[in-house]
Amino acid sequence: MSSVASQVILHPTVGQSLKVLGTTLGRDKIYRATQYFARFFAWLLISRGYKLEATRWNALKSHLALARKLLRLGKPLENLQAALRAAQATGDLKEQVTTIGRQLGYLGYLSYDAIVWANTVRFITLKPATAQKVTKTANRFWLAGILFSLAHAVFKAGRLTKEATQLRQLGEKDLGGENARDARLRAIEVLRSGTRRQFLIDIFDLWIPAAGLGLVDLNDGVLGIFGFITSVIALQTQWAAVNSK
């Protein structure tokens, strides 16, 4: 029995999972996936008349959302640093501008989200109308950040496609060898894959702040599924990044 337990506990997958859980981003994505699944499942139960059973899932959703706000308290500074680095970088102007816009959008979103957290835990006290305005402002910044991110993905994908086409058209003498060209093409494909993944995440996440602002009419079931899908995709990316080291 102890041998079986040891094989389970010491299994490589368990070790890889612990690596992911050892990162703030990894924990956040696991919490987020659970939070949005709880949002979907609570809606499903309520829609079928199981209001009492839905209470625990709504509570889980709320507590995980609050925990995630706490985890992200220092994140706006990272976004500010990323925006400053993008402003100082050289490269495609459209990508540079959209990167700055995306980071400033997330900076505003997470800053106002921190105020929402402080009000929720009673560290500060806001009037209900003020709290609602703060939440809406956070959603506006979130939506703006996602829109900039989508624009950035479009511009970057176009540039990478153009670069890949040009490389395929170059002869070996022009690039210094077929191996160098193939290596660069593989690197471009990795970048394109990451860009497509982020674009997919943004397409699904877009509807969450849009619904919060009343721009679209989507129920918690749809939004819960959207959030769960993007959380799983982001978690897979973090899993690969952590366990490739």
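The values are calculated or read from the model by the stated rules, or taken from the named source; none is laboratory data. The structure presented is a predicted model; accordingly, all values stated were derived computationally and were not measured. All Cβ positions, even for glycine, are placed from backbone atoms using ideal geometry, and neighbour counts span all protein chains on display.
Residue-level check: of (1) surrounded by fewer than 16 Cβ atoms within 10 Å (Cβ to Cβ); (2) part of a helix (DSSP H, G or I); (3) free of Cβ contacts under 8 Å to residues at least 24 places away in the same chain; (4) not β-branched (V, I, T), L200 misses just (3). Evaluate region 112-135: report whether one residue or more is more than 23 Å from V216 (Cα to Cα) and in contact with a Ser or Thr (Cβ under 8 Å, 6 or more places away or on another chain). Yes: one or more hits.
Residues that are at pLDDT 95 or above and more than 24 Å from W57 (Cβ to Cβ) within region 215-245 comprise just one, L215.
For a quick check of your reading: which helices (runs of 4 or more DSSP H) sit entirely within region 1-86 and have at least 1 residues that are at pLDDT 95 or above?
Here the list reads 24-47, 51-71.
I want to confirm something. Restricting to region 127-156 and keeping residues that are more than 19 Å from the chain's Cα centre (by Cα) and of a type in the set (G, A, S), which single residue is nearest to R196 (Cα to Cα)? Residue satisfying both the conditions and the ranking: A131.
Let's see how each residue does on (1) in a helix (DSSP H, G or I); (2) in contact with a strand residue (DSSP E or B) (Cβ under 7 Å, 6 or more places away or on another chain); (3) basic (K, R); (4) surrounded by 14 or more Cβ atoms within 10 Å (Cβ to Cβ):
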position	(1), (2), (3), (4)
K133	yes, no, yes, no
T137	yes, no, no, yes
L150	yes, no, no, yes
K162	yes, no, yes, no
A187	yes, no, no, no
V190	yes, no, no, no
L215	no, no, no, no
G221	yes, no, no, yes
I233	yes, no, no, yes
